[in-house]
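The values are calculated or read from the model by the stated rules, or taken from the named source; none is laboratory data. Because the structure is a prediction, the values reported are computed rather than measured. The area values use the complete protein model at the heavy-atom level, side chains included, leaving out ligands, DNA and RNA. Shrake-Rupley method; radii C 1.70, N 1.55, O 1.52, S 1.80 Å.
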Amino acid sequence: MPALCRDCLTQFDSGSRCPACGRPRVIAHDELWDLTIAHMDCDAFYASVEKRENPDLADKPVIIGGGRRGVVSTACYVARIRGVRSAMPMFQALKLCPDAVVLKPQMKLYVEVSRAVRAMMEELSPSIEPLSLDEAFIDLTGTARLHGAPPAVMLARLTKRMKDELGITGSIGLSHNKFLAKVASDLDKPRGFAVIGKAETMEFLRPKPVCMIWGVGNATQDTLERTGIRTFEDLLRWEKQDLMTRFGSMGERLYHLARGQDRRRVMRDEPIKSISKETTFFEDTASTEFLDGHLWRLAVQVADRAKARGLAGRVVTLKVKQADFKQITRRSTLPDATQMADRIYRAARALLDQLPPNVPYRLIGTGISHLVPEDQSDRVPDLLDPQAEQRAKAERATDSIRARFGSDAIQKGRSLR
(Lines give C-alpha, C1' and ligand atoms only; values in the text may rest on other atoms or scores of the structure.)
Protein backbone atom coordinates (compact mmCIF):
# COMPACT_ATOMS: atom_id res chain seq x y z
CA MET A 1 0.00 0.00 0.00
CA PRO A 2 1.46 3.42 -0.96
CA ALA A 3 2.50 5.48 2.06
CA LEU A 4 3.86 8.96 2.66
CA CYS A 5 5.62 10.58 5.60
CA ARG A 6 4.11 14.03 6.15
CA ASP A 7 7.20 15.25 7.99
CA CYS A 8 10.05 14.36 5.63
CA LEU A 9 7.91 13.56 2.52
CA THR A 10 9.47 10.12 2.04
CA GLN A 11 7.41 7.78 -0.15
CA PHE A 12 7.42 4.10 0.82
CA ASP A 13 5.32 0.97 1.17
CA SER A 14 2.85 0.75 4.03
CA GLY A 15 4.12 1.04 7.58
CA SER A 16 3.21 2.71 10.85
CA ARG A 17 6.42 4.76 10.96
CA CYS A 18 8.55 6.43 8.34
CA PRO A 19 11.62 4.31 7.48
CA ALA A 20 13.64 7.49 6.86
CA CYS A 21 12.92 9.69 9.90
CA GLY A 22 11.15 7.21 12.18
CA ARG A 23 8.19 9.50 12.82
CA PRO A 24 4.58 8.28 12.96
CA ARG A 25 2.92 11.02 10.88
CA VAL A 26 2.25 8.63 8.01
CA ILE A 27 -0.65 8.56 5.55
CA ALA A 28 -1.24 5.29 3.67
CA HIS A 29 -3.97 4.40 1.19
CA ASP A 30 -4.42 2.15 -1.86
CA GLU A 31 -5.39 5.16 -4.03
CA LEU A 32 -2.98 7.67 -2.47
CA TRP A 33 -1.07 8.35 -5.71
CA ASP A 34 -4.20 8.46 -7.93
CA LEU A 35 -6.54 11.01 -6.30
CA THR A 36 -6.36 14.64 -7.42
CA ILE A 37 -9.16 16.72 -5.85
CA ALA A 38 -8.25 18.28 -2.50
CA HIS A 39 -9.68 20.57 0.13
CA MET A 40 -7.23 22.49 2.32
CA ASP A 41 -8.54 24.01 5.54
CA CYS A 42 -6.33 26.08 7.84
CA ASP A 43 -6.66 24.99 11.47
CA ALA A 44 -8.41 27.60 13.67
CA PHE A 45 -6.99 30.19 11.28
CA TYR A 46 -7.58 33.47 13.09
CA ALA A 47 -6.50 32.04 16.44
CA SER A 48 -3.42 30.42 14.87
CA VAL A 49 -2.32 33.73 13.36
CA GLU A 50 -2.78 35.45 16.72
CA LYS A 51 -0.69 32.80 18.46
CA ARG A 52 1.99 33.20 15.82
CA GLU A 53 2.05 36.92 16.48
CA ASN A 54 2.15 36.46 20.25
CA PRO A 55 3.98 33.26 21.32
CA ASP A 56 2.86 33.84 24.93
CA LEU A 57 -0.60 32.66 23.80
CA ALA A 58 0.72 29.32 22.49
CA ASP A 59 -0.73 27.10 25.24
CA LYS A 60 -3.64 29.33 26.23
CA PRO A 61 -7.28 29.09 25.13
CA VAL A 62 -7.87 31.86 22.59
CA ILE A 63 -11.24 33.06 21.33
CA ILE A 64 -11.63 35.47 18.42
CA GLY A 65 -14.87 37.41 18.55
CA GLY A 66 -16.85 40.38 19.74
CA GLY A 67 -17.62 41.68 23.19
CA ARG A 68 -19.45 39.85 25.91
CA ARG A 69 -22.76 40.14 24.03
CA GLY A 70 -21.20 39.15 20.70
CA VAL A 71 -20.48 35.74 19.22
CA VAL A 72 -17.41 33.60 18.67
CA SER A 73 -15.81 33.97 15.24
CA THR A 74 -13.41 31.09 15.88
CA ALA A 75 -11.50 29.51 18.73
CA CYS A 76 -8.24 27.64 19.06
CA TYR A 77 -8.28 23.92 19.76
CA VAL A 78 -7.49 24.42 23.44
CA ALA A 79 -10.77 26.33 23.75
CA ARG A 80 -12.62 23.88 21.51
CA ILE A 81 -11.75 21.03 23.85
CA ARG A 82 -13.69 22.95 26.50
CA GLY A 83 -16.72 23.07 24.19
CA VAL A 84 -16.31 26.50 22.58
CA ARG A 85 -17.58 26.61 19.00
CA SER A 86 -17.90 29.16 16.19
CA ALA A 87 -21.11 31.26 16.29
CA MET A 88 -21.58 30.47 19.99
CA PRO A 89 -22.69 33.47 22.08
CA MET A 90 -19.69 34.93 23.86
CA PHE A 91 -21.30 34.71 27.31
CA GLN A 92 -21.75 30.96 26.83
CA ALA A 93 -18.19 30.52 25.55
CA LEU A 94 -16.80 32.31 28.61
CA LYS A 95 -18.84 30.11 30.92
CA LEU A 96 -17.26 27.05 29.33
CA CYS A 97 -13.80 28.61 29.20
CA PRO A 98 -13.55 31.48 31.74
CA ASP A 99 -9.75 31.73 31.41
CA ALA A 100 -9.88 32.29 27.64
CA VAL A 101 -8.02 35.17 26.06
CA VAL A 102 -10.61 37.03 23.94
CA LEU A 103 -9.27 38.98 20.96
CA LYS A 104 -11.02 41.09 18.37
CA PRO A 105 -10.41 40.05 14.74
CA GLN A 106 -7.54 41.68 12.85
CA MET A 107 -8.86 41.19 9.34
CA LYS A 108 -6.04 43.02 7.59
CA LEU A 109 -3.51 40.67 9.17
CA TYR A 110 -5.57 37.57 8.35
CA VAL A 111 -5.93 38.64 4.72
CA GLU A 112 -2.17 39.12 4.48
CA VAL A 113 -1.49 35.59 5.75
CA SER A 114 -4.26 34.19 3.53
CA ARG A 115 -2.61 35.72 0.47
CA ALA A 116 0.68 34.08 1.43
CA VAL A 117 -1.05 30.68 1.65
CA ARG A 118 -2.76 31.31 -1.69
CA ALA A 119 0.62 32.08 -3.30
CA MET A 120 1.90 28.70 -2.11
CA MET A 121 -1.15 26.95 -3.56
CA GLU A 122 -0.67 28.75 -6.86
CA GLU A 123 2.69 27.02 -7.20
CA LEU A 124 0.90 23.65 -7.15
CA SER A 125 -1.97 24.24 -9.56
CA PRO A 126 -3.82 27.01 -11.40
CA SER A 127 -7.14 25.38 -10.45
CA ILE A 128 -7.88 26.85 -7.02
CA GLU A 129 -11.34 27.72 -5.68
CA PRO A 130 -11.18 29.74 -2.45
CA LEU A 131 -14.16 29.33 -0.13
CA SER A 132 -12.97 31.85 2.45
CA LEU A 133 -9.73 33.29 3.76
CA ASP A 134 -8.74 29.97 5.30
CA GLU A 135 -9.96 27.22 2.99
CA ALA A 136 -9.94 26.30 -0.69
CA PHE A 137 -10.42 23.47 -3.16
CA ILE A 138 -7.44 22.53 -5.31
CA ASP A 139 -7.58 20.41 -8.47
CA LEU A 140 -4.18 18.83 -9.11
CA THR A 141 -5.23 16.73 -12.10
CA GLY A 142 -2.34 16.45 -14.55
CA THR A 143 0.26 18.09 -12.26
CA ALA A 144 2.27 14.97 -11.35
CA ARG A 145 4.49 15.28 -14.43
CA LEU A 146 5.04 18.98 -13.80
CA HIS A 147 6.14 18.49 -10.19
CA GLY A 148 7.69 15.06 -10.52
CA ALA A 149 5.53 13.86 -7.63
CA PRO A 150 1.91 12.78 -7.05
CA PRO A 151 -0.62 15.33 -5.75
CA ALA A 152 -0.55 13.77 -2.27
CA VAL A 153 3.15 14.56 -1.92
CA MET A 154 2.68 18.15 -3.09
CA LEU A 155 -0.19 18.68 -0.64
CA ALA A 156 1.90 17.38 2.25
CA ARG A 157 4.67 19.70 1.12
CA LEU A 158 2.19 22.60 1.10
CA THR A 159 1.15 22.14 4.74
CA LYS A 160 4.79 21.64 5.74
CA ARG A 161 5.70 24.98 4.11
CA MET A 162 2.74 26.67 5.80
CA LYS A 163 4.04 25.52 9.17
CA ASP A 164 7.71 26.27 8.50
CA GLU A 165 7.36 29.60 6.67
CA LEU A 166 4.08 31.08 7.94
CA GLY A 167 3.73 29.52 11.38
CA ILE A 168 0.22 28.15 10.81
CA THR A 169 -1.11 24.65 10.21
CA GLY A 170 -3.66 23.18 7.83
CA SER A 171 -5.57 19.96 7.22
CA ILE A 172 -5.93 18.20 3.87
CA GLY A 173 -8.81 16.18 2.49
CA LEU A 174 -8.00 14.23 -0.70
CA SER A 175 -10.57 12.40 -2.81
CA HIS A 176 -12.10 12.10 -6.28
CA ASN A 177 -14.60 14.98 -6.02
CA LYS A 178 -15.23 18.19 -4.09
CA PHE A 179 -17.91 16.86 -1.77
CA LEU A 180 -15.75 14.02 -0.49
CA ALA A 181 -12.59 16.14 -0.32
CA LYS A 182 -14.44 18.60 1.94
CA VAL A 183 -15.72 15.75 4.10
CA ALA A 184 -12.23 14.24 4.33
CA SER A 185 -10.60 17.48 5.49
CA ASP A 186 -12.78 17.42 8.63
CA LEU A 187 -11.91 13.83 9.57
CA ASP A 188 -8.46 14.39 11.02
CA LYS A 189 -8.00 17.89 12.45
CA PRO A 190 -5.79 19.65 13.32
CA ARG A 191 -2.74 19.00 11.11
CA GLY A 192 -4.64 16.21 9.41
CA PHE A 193 -4.45 14.41 6.09
CA ALA A 194 -7.40 12.15 5.27
CA VAL A 195 -8.19 10.23 2.09
CA ILE A 196 -11.49 8.89 0.73
CA GLY A 197 -10.93 6.68 -2.30
CA LYS A 198 -13.34 5.71 -5.05
CA ALA A 199 -13.49 2.06 -4.03
CA GLU A 200 -14.51 2.81 -0.44
CA THR A 201 -16.91 5.69 -1.06
CA MET A 202 -20.19 3.86 -0.54
CA GLU A 203 -18.96 1.87 2.42
CA PHE A 204 -17.62 5.04 4.03
CA LEU A 205 -20.79 7.09 3.52
CA ARG A 206 -23.48 4.52 4.30
CA PRO A 207 -23.55 4.85 8.13
CA LYS A 208 -22.75 8.57 8.26
CA PRO A 209 -25.37 11.14 9.40
CA VAL A 210 -26.88 13.37 6.72
CA CYS A 211 -25.68 16.47 8.60
CA MET A 212 -22.28 15.66 7.07
CA ILE A 213 -23.62 17.06 3.81
CA TRP A 214 -22.36 20.58 3.30
CA GLY A 215 -25.32 22.96 3.63
CA VAL A 216 -27.55 20.67 5.69
CA GLY A 217 -28.09 22.74 8.82
CA ASN A 218 -30.27 22.11 11.84
CA ALA A 219 -33.52 23.07 10.13
CA THR A 220 -32.89 20.87 7.08
CA GLN A 221 -31.71 18.03 9.29
CA ASP A 222 -34.92 18.22 11.33
CA THR A 223 -36.98 18.11 8.13
CA LEU A 224 -35.08 15.06 6.87
CA GLU A 225 -35.38 13.28 10.21
CA ARG A 226 -39.15 13.80 10.23
CA THR A 227 -39.26 11.78 7.01
CA GLY A 228 -37.08 9.04 8.50
CA ILE A 229 -33.81 10.16 6.86
CA ARG A 230 -30.99 10.22 9.39
CA THR A 231 -28.11 8.57 7.56
CA PHE A 232 -26.83 8.18 4.01
CA GLU A 233 -28.17 4.64 4.09
CA ASP A 234 -31.66 6.03 4.69
CA LEU A 235 -31.23 8.29 1.64
CA LEU A 236 -30.25 5.32 -0.53
CA ARG A 237 -33.73 3.84 -0.01
CA TRP A 238 -35.35 6.77 -1.82
CA GLU A 239 -35.82 7.04 -5.57
CA LYS A 240 -34.57 10.24 -7.18
CA GLN A 241 -38.03 11.38 -8.27
CA ASP A 242 -39.46 10.84 -4.78
CA LEU A 243 -36.70 12.96 -3.24
CA MET A 244 -37.25 15.70 -5.82
CA THR A 245 -41.01 15.65 -5.24
CA ARG A 246 -40.48 15.95 -1.49
CA PHE A 247 -37.49 18.33 -1.36
CA GLY A 248 -37.40 20.04 -4.77
CA SER A 249 -34.02 20.71 -6.39
CA MET A 250 -32.28 19.77 -3.16
CA GLY A 251 -33.74 16.28 -3.51
CA GLU A 252 -31.71 15.64 -6.65
CA ARG A 253 -28.57 16.87 -4.88
CA LEU A 254 -29.25 14.56 -1.94
CA TYR A 255 -29.73 11.62 -4.30
CA HIS A 256 -26.33 12.08 -5.94
CA LEU A 257 -24.39 12.95 -2.78
CA ALA A 258 -25.80 9.86 -1.03
CA ARG A 259 -23.92 7.91 -3.70
CA GLY A 260 -20.78 10.00 -3.39
CA GLN A 261 -21.41 11.67 -6.75
CA ASP A 262 -20.40 15.29 -7.27
CA ARG A 263 -19.71 16.60 -10.79
CA ARG A 264 -18.92 20.17 -9.77
CA ARG A 265 -15.59 21.38 -11.09
CA VAL A 266 -13.05 23.33 -9.09
CA MET A 267 -13.81 26.86 -10.30
CA ARG A 268 -10.92 29.30 -10.20
CA ASP A 269 -11.32 32.80 -8.77
CA GLU A 270 -15.04 32.80 -8.05
CA PRO A 271 -15.56 36.53 -7.47
CA ILE A 272 -16.51 37.81 -4.02
CA LYS A 273 -20.07 39.09 -4.33
CA SER A 274 -20.55 40.66 -0.93
CA ILE A 275 -18.93 41.42 2.42
CA SER A 276 -21.14 41.23 5.49
CA LYS A 277 -21.18 40.72 9.23
CA GLU A 278 -23.97 39.93 11.68
CA THR A 279 -24.43 39.22 15.36
CA THR A 280 -27.02 37.33 17.42
CA PHE A 281 -28.07 38.76 20.79
CA PHE A 282 -28.19 36.95 24.11
CA GLU A 283 -31.67 38.38 24.65
CA ASP A 284 -34.16 39.77 22.14
CA THR A 285 -34.14 43.56 22.19
CA ALA A 286 -36.11 46.50 20.82
CA SER A 287 -33.70 49.09 22.24
CA THR A 288 -32.77 51.52 19.46
CA GLU A 289 -29.63 52.59 21.32
CA PHE A 290 -28.50 48.99 21.74
CA LEU A 291 -29.18 48.17 18.08
CA ASP A 292 -27.39 51.33 16.99
CA GLY A 293 -24.23 50.41 18.90
CA HIS A 294 -24.13 46.97 17.32
CA LEU A 295 -24.84 48.40 13.88
CA TRP A 296 -21.86 50.75 14.15
CA ARG A 297 -19.51 47.95 15.28
CA LEU A 298 -20.70 45.73 12.43
CA ALA A 299 -20.20 48.54 9.92
CA VAL A 300 -16.62 48.97 11.17
CA GLN A 301 -15.95 45.25 10.73
CA VAL A 302 -17.42 45.23 7.22
CA ALA A 303 -15.34 48.30 6.34
CA ASP A 304 -12.19 46.69 7.77
CA ARG A 305 -12.71 43.61 5.60
CA ALA A 306 -13.41 45.71 2.52
CA LYS A 307 -10.29 47.83 3.08
CA ALA A 308 -8.16 44.73 3.69
CA ARG A 309 -9.33 43.28 0.37
CA GLY A 310 -9.10 46.53 -1.56
CA LEU A 311 -12.84 46.49 -2.34
CA ALA A 312 -15.85 48.78 -1.98
CA GLY A 313 -19.59 48.28 -2.44
CA ARG A 314 -22.37 50.40 -3.87
CA VAL A 315 -25.28 48.57 -2.20
CA VAL A 316 -25.63 48.53 1.60
CA THR A 317 -27.78 45.80 3.13
CA LEU A 318 -29.48 45.65 6.52
CA LYS A 319 -30.57 42.27 7.88
CA VAL A 320 -32.61 41.74 11.03
CA LYS A 321 -34.28 38.70 12.52
CA GLN A 322 -37.29 39.10 14.78
CA ALA A 323 -37.97 37.18 17.97
CA ASP A 324 -40.22 34.82 15.98
CA PHE A 325 -37.28 34.14 13.59
CA LYS A 326 -38.88 36.12 10.75
CA GLN A 327 -36.02 37.59 8.70
CA ILE A 328 -36.21 41.04 7.09
CA THR A 329 -33.68 42.33 4.55
CA ARG A 330 -33.52 45.88 3.23
CA ARG A 331 -31.11 47.41 0.67
CA SER A 332 -29.97 50.91 -0.21
CA THR A 333 -28.05 51.91 -3.36
CA LEU A 334 -25.47 54.66 -2.83
CA PRO A 335 -24.46 57.31 -5.41
CA ASP A 336 -21.04 55.63 -5.58
CA ALA A 337 -19.32 52.67 -3.96
CA THR A 338 -17.86 52.95 -0.46
CA GLN A 339 -15.58 51.11 1.94
CA MET A 340 -16.02 53.68 4.73
CA ALA A 341 -17.60 52.55 7.99
CA ASP A 342 -19.31 55.91 8.41
CA ARG A 343 -21.19 55.67 5.10
CA ILE A 344 -22.07 51.99 5.60
CA TYR A 345 -23.39 52.72 9.08
CA ARG A 346 -25.44 55.75 8.02
CA ALA A 347 -27.06 53.89 5.13
CA ALA A 348 -27.84 50.88 7.32
CA ARG A 349 -29.16 53.08 10.13
CA ALA A 350 -31.50 54.82 7.68
CA LEU A 351 -32.84 51.40 6.69
CA LEU A 352 -33.27 50.45 10.35
CA ASP A 353 -35.24 53.64 10.99
CA GLN A 354 -37.71 52.60 8.28
CA LEU A 355 -38.67 49.43 10.16
CA PRO A 356 -41.61 49.42 12.61
CA PRO A 357 -40.58 50.70 16.05
CA ASN A 358 -40.62 48.69 19.31
CA VAL A 359 -40.15 45.34 17.58
CA PRO A 360 -37.78 42.99 19.43
CA TYR A 361 -34.93 41.56 17.37
CA ARG A 362 -32.62 38.62 18.01
CA LEU A 363 -30.12 39.34 15.20
CA ILE A 364 -28.83 42.31 13.25
CA GLY A 365 -26.36 42.44 10.38
CA THR A 366 -25.10 44.71 7.64
CA GLY A 367 -22.99 44.37 4.53
CA ILE A 368 -22.05 45.72 1.12
CA SER A 369 -22.47 44.24 -2.36
CA HIS A 370 -22.04 45.21 -6.03
CA LEU A 371 -18.32 45.30 -5.27
CA VAL A 372 -15.71 47.29 -7.18
CA PRO A 373 -11.98 48.01 -6.68
CA GLU A 374 -11.34 50.58 -3.95
CA ASP A 375 -9.94 53.15 -6.39
CA GLN A 376 -13.48 53.47 -7.79
CA SER A 377 -14.99 54.34 -4.42
CA ASP A 378 -15.88 57.38 -2.31
CA ARG A 379 -15.36 59.86 -5.15
CA VAL A 380 -18.76 61.60 -5.31
CA PRO A 381 -19.04 64.39 -2.71
CA ASP A 382 -22.26 64.46 -0.70
CA LEU A 383 -23.55 68.01 -1.24
CA LEU A 384 -26.31 67.44 1.34
CA ASP A 385 -23.79 66.46 4.01
CA PRO A 386 -20.88 68.95 4.10
CA GLN A 387 -19.32 67.13 7.07
CA ALA A 388 -18.99 63.82 5.19
CA GLU A 389 -15.54 64.58 3.79
CA GLN A 390 -14.29 65.62 7.22
CA ARG A 391 -15.59 62.39 8.77
CA ALA A 392 -13.92 60.38 6.01
CA LYS A 393 -10.56 62.00 6.77
CA ALA A 394 -11.06 61.29 10.46
CA GLU A 395 -11.82 57.63 9.68
CA ARG A 396 -8.66 57.27 7.58
CA ALA A 397 -6.66 58.76 10.45
CA THR A 398 -8.35 56.38 12.86
CA ASP A 399 -7.48 53.43 10.60
CA SER A 400 -3.81 54.46 10.70
CA ILE A 401 -3.83 54.62 14.51
CA ARG A 402 -5.57 51.24 14.82
CA ALA A 403 -3.16 49.66 12.34
CA ARG A 404 -0.20 50.87 14.39
CA PHE A 405 -1.43 50.45 17.96
CA GLY A 406 -4.21 47.84 17.74
CA SER A 407 -7.95 47.76 17.07
CA ASP A 408 -8.82 49.09 20.54
CA ALA A 409 -6.42 52.05 20.40
CA ILE A 410 -9.17 54.48 19.41
CA GLN A 411 -12.95 54.09 19.35
CA LYS A 412 -16.03 56.20 18.75
CA GLY A 413 -18.37 56.74 21.62
CA ARG A 414 -21.25 54.98 19.84
CA SER A 415 -19.20 51.75 19.76
CA LEU A 416 -19.51 51.55 23.56
CA ARG A 417 -23.32 51.34 23.49
Specify, per residue and in Å³, the volume enclosed by the convex hull of the alpha carbon atoms belonging to region 108-155.
65
Per the 1.4 Å probe, what fraction of the accessible area of region 171-300, in percent, lies on carbon and sulfur atoms?
46
Would you mind working out the accessible area per residue for region 7-61, using a 1.4 Å probe, and quoting it in Å²?
49
Accessible surface of region 327-383 [probe 1.4 Å, protein heavy atoms]: carbon and sulfur percent:
49
Filter on LYS178/LYS208; LYS60/LYS104; LYS104/LYS178; LYS277/LYS326; LYS51/LYS189 - keep pairs with C-alpha separation over 25 Å
LYS104/LYS178
Listed candidates (1) 168; (2) 130; (3) 309 - label of the one calculated as volume of the Cα convex hull per residue in Å³:
(1)
Could you tell me what percent of the accessible area of region 1-93 is made up of carbon and sulfur, with a 1.4 Å probe and every protein chain present?
48
Solvent-accessible area per residue for region 109-201 at a 1.4 Å probe radius, Å²?
37
